[in-house]
Amino acid sequence: MSLLEVRGLSKRFGGVQAVADLSFTVDEGDVVALIGPNGAGKTTAFACVAGFLAPDAGEVRFRGRALRGLAPHAVNALGIARTFQIMRPFPRLSVVRNVMIATLGRHPDPREAEARARAVLDEVGLAARAAVPAGALTLAERKRLELARALGTEPALLLLDEVMSGLTETETERIVGLVGAINRRGIAILLIEHVMRAVMSLARRIVVLDHGERIAEGTPAEVAGDPRVIEAYLGEEHAGAAAP
Amino acid sequence: MTWLALGGLAVLAVLPAVLGPYALSVFINILFYAYLGQAWNIVGGYAGQLSVGHAAFVGIGGYTAAVLAAETGLTPWVGMLAGGALAAVLGGVIGYLGFRFGLRGFYFVLLTVAFAEVCRIVASNWERVGGAVGLYITFTGDPRQMQFQDDRAWYYIALALTALATAIVWGMERRRFGIYLTAIREDETACEALGVPTFRHKLGAMVLSSFLTGLAGTFYAYRYSSLQPGAVFGIPLSVEIVIRPIVGGAGTLLGPIVGSFILTPLAELSRAWFGQGGWHGAHLIVYGVLLVAVVLFLPQGAVPVLGRLVRRAAP
Ligand SMILES: Nc1ncnc2c1ncn2[C@@H]1O[C@H](COP(=O)(O)OP(=O)(O)O)[C@@H](O)[C@H]1O
Ligand SMILES: [Mg+2]
């Protein structure tokens, strides 16, 4: 049985079919990447899995259990944690408090939750910033805080939405190393990412979306050689070439 | 910090010995509104759900105790708890409606204001509870009926209530419940993603806050020996409740108390000065000016600024 099973997922916003009949699975301990041009429906698919959006059709199962109708916090309690592409720190709370909000779910005693939060901050390399208000962090630090908070909920499956975009090369490499280490602890990862080098080095399987539909799926090598994938990306690059 | 709190409490405990009758009544008001502000602070400050209808809970609490006393002879000491319980139930209903349908910001403000107005209109038209005239409580001076020959009793009750509410909030800040509220105030969506059941916690904050506010209703009814629908359910009282914690620092432990020490004497002074010239309601202008000043210059309220000053003075 797969850890996560998405079957026939569809979501429409007005005239836009954001996700269309999407199916894929993530196995226990797996790393799967969800890629595709901007607007392909990746973030929408995440939101449907994590309980933030109700899909129009289709089904999401986690460890065999249907997630339909569950509030996001209940999905999280089952072991799915997501990050937000547009990061959502609690700006006036300290960095360690931010992570405590995540760890308190499984450790109701605040002292225990704080100890757990500090351990997670150590892991992502933010320990030195623990006392700072989250609003004062740099972009790279905020990405790591987003990751730390998701980790703090002790998930079995981590949904990472572009945690590397906008980072320098060194910062990206550090996050790639961090995500690899998290995966080696047994946490399955579903990754939305534009940074292709990161995708190629981390993912065991890649699902390619375009206009809400799955257009390819396979190992990194298979997907990289797929003509439909090249076309979808070339199309975007041509469009992108006009902009600075 | 603990010593400062105990010291402050000790000073407040001996204060009535040196106060004249007028100063005593001002201090009773300071403590009473500090208590109301602290009760509101739980849902309005910590959880960030701006209720501007909290007067409704004062009215419900007061009417419940007074009607129970008149019709069944129940002592207001017990009626006070019944009033708090009924306020908690209605606070729960309003919270349920508001939070279930995701009313935020301005819409939640409107819901709470409308609720208080409905209560006022119901009380004004319900002859059994005195209608528009309201209820009057015959003065017996019997402490078992929460009536006192000496106003200092009211001072100590108000002090005890304020200490109780502040202790509750202090404990809340150190528990998961209170820590969650501070995050809910910042970003509910992020909270949900991190496993925080936001609906349940907002509802819990609303119920606790309306219960404590309901207790104040009995204090009000018996201190003034009367209840008028316009006074206890009206928007002006809701504004009195909200403005002190906002000026002092919403979502801080001492905000409502500091806010009340600033605003209550100011309101008294402006009433005394302008009231003689027939300028009733001039204190509202003072509130308005202060509120604008706070929003512009101290958006977090006075407490964080005072904290910084104290730390600088005593390094
Ligand atoms: N809340 C929303 N309301 C309306 N349209 C939306 C909403 N969220 C996403 N969309 C649209 O759905 C499509 C997919 O968006 P999204 O899932 O964010 O894509 P991606 O993450 O792959 O860039 C886009 O056309 C986007 O404009
Ligand atoms: Mg996206």
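The values are calculated or read from the model by the stated rules, or taken from the named source; none is laboratory data. This structure is a prediction, so every number in the text was calculated from the model and none was measured. Here the Cβ is made from the backbone with ideal geometry for all residues, glycine too, and neighbour counts use every protein chain on show. Side chains included, ligands, DNA and RNA excluded: accessible areas come from the protein's heavy atoms. Shrake-Rupley method; radii C 1.70, N 1.55, O 1.52, S 1.80 Å.
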The number of residues in segment B:270-315 that are at positive phi and surrounded by 14 or more Cβ atoms within 10 Å (Cβ to Cβ) is 1
Residues that are surrounded by fewer than 22 Cβ atoms within 10 Å (Cβ to Cβ), within 14 Å of ligand 2 (Cβ to nearest atom) and among the hydrophobic types (A, V, I, L, M, F, W, C), drawn from segment A:190-226: A:V195
State all residues of segment A:101-116 that are surrounded by 14 or more Cβ atoms within 10 Å (Cβ to Cβ) and within 7 Å of chain B (Cβ to nearest Cβ); if no residue qualifies, say none. A:I101, A:A102, A:L104, A:G105, A:P110
In segment A:19-49, what count of residues is obtained for those that are near ligand 1 (Cβ under 8 Å from one of its atoms), assigned to a strand (DSSP E or B) and either open to solvent by 10 Å² or more (accessible area, probe 1.4 Å) or outside the structural domain of A:S165 (by TED's automatic domain parsing) (or both)? 0
Given (1) within 25 Å of A:A131 (Cα to Cα); (2) touching a strand residue (DSSP E or B) at 6+ places or on another chain (Cβ under 9 Å); (3) not in a loop (DSSP other than H, G, I, E, B), A:V163 misses just (3)
Which of the residues that make up segment A:1-16 are surrounded by fewer than 16 Cβ atoms within 10 Å (Cβ to Cβ), assigned to a strand (DSSP E or B) and within 11 Å of ligand 1 (Cβ to nearest atom)? A:R12, A:F13, A:V16
Looking only at residues in segment A:86-97 that are in contact (Cβ under 8 Å) with a residue 12 or more places away in the chain and more than 8 Å from chain B (Cβ to nearest Cβ), which one is surrounded by the most Cβ atoms within 10 Å (Cβ to Cβ)? A:V95
Reported set for segment A:158-172 where residues are away from ligand 1 (no atom under 14 Å from the Cβ) and either buried (at least 17 other Cβ atoms within 10 Å of the Cβ) or within 14 Å of chain B (Cβ to nearest Cβ) (or both) is A:L158, A:M164, A:L167, A:E171, A:T172
Test set (1) within 16 Å of ligand 1 (Cβ to nearest atom); (2) open to solvent by 20 Å² or more (accessible area, probe 1.4 Å) - A:T83 fails condition number: (2)
Among the numbered criteria (1) at the interface with chain A (Cβ under 10 Å from one of its Cβ atoms); (2) aliphatic (A, V, I, L, M); (3) assigned to a helix (DSSP H, G or I), which single criterion is violated by B:V196? (3)
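What do you reckon, is A:L151 away from every other protein chain (no Cβ under 14 Å) and away from ligand 1 (no atom under 16 Å from the Cβ)? It would help to see each step written out before you state the result.
Numbers: away from every other protein chain (no Cβ under 14 Å): no; away from ligand 1 (no atom under 16 Å from the Cβ): yes.
Spelling it out, it is not the case that A:L151 is away from every other protein chain (no Cβ under 14 Å) and away from ligand 1 (no atom under 16 Å from the Cβ).
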Search segment A:1-29 for residues that are within 16 Å of ligand 2 (Cβ to nearest atom) and pair each with any residue that is assigned to a loop (DSSP other than H, G, I, E, B) and charged (D, E, K, R) when their beta-carbon atoms are under 9 Å apart and the residues are at least 6 apart or on different chains. A:L9/A:D56; A:K11/A:D56; A:V19/A:D56
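Test B:A193 against the criterion of being closer than 27 Å to B:L4 by Cα, among the aliphatic types (A, V, I, L, M) and crowded, with 21+ Cβ neighbours inside 10 Å, and give yes or no. Outline the logic, then answer.
Details: closer than 27 Å to B:L4 by Cα: no; among the aliphatic types (A, V, I, L, M): yes; crowded, with 21+ Cβ neighbours inside 10 Å: yes.
In short, no.
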What's the number of the condition B:G249 fails, among (1) touching a Lys or Arg at 6+ places or on another chain (Cβ under 6 Å); (2) buried (at least 24 other Cβ atoms within 10 Å of the Cβ)? (1)
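Hey, can you tell me all the residues within segment A:51-80 that are within 13 Å of ligand 1 (Cβ to nearest atom) and facing another protein chain (nearest Cβ under 10 Å)?
Restricting attention to segment A:51-80, the residues satisfying the condition of being within 13 Å of ligand 1 (Cβ to nearest atom) are A:52-56.
Within segment A:51-80, just A:F52 meets the criteria.
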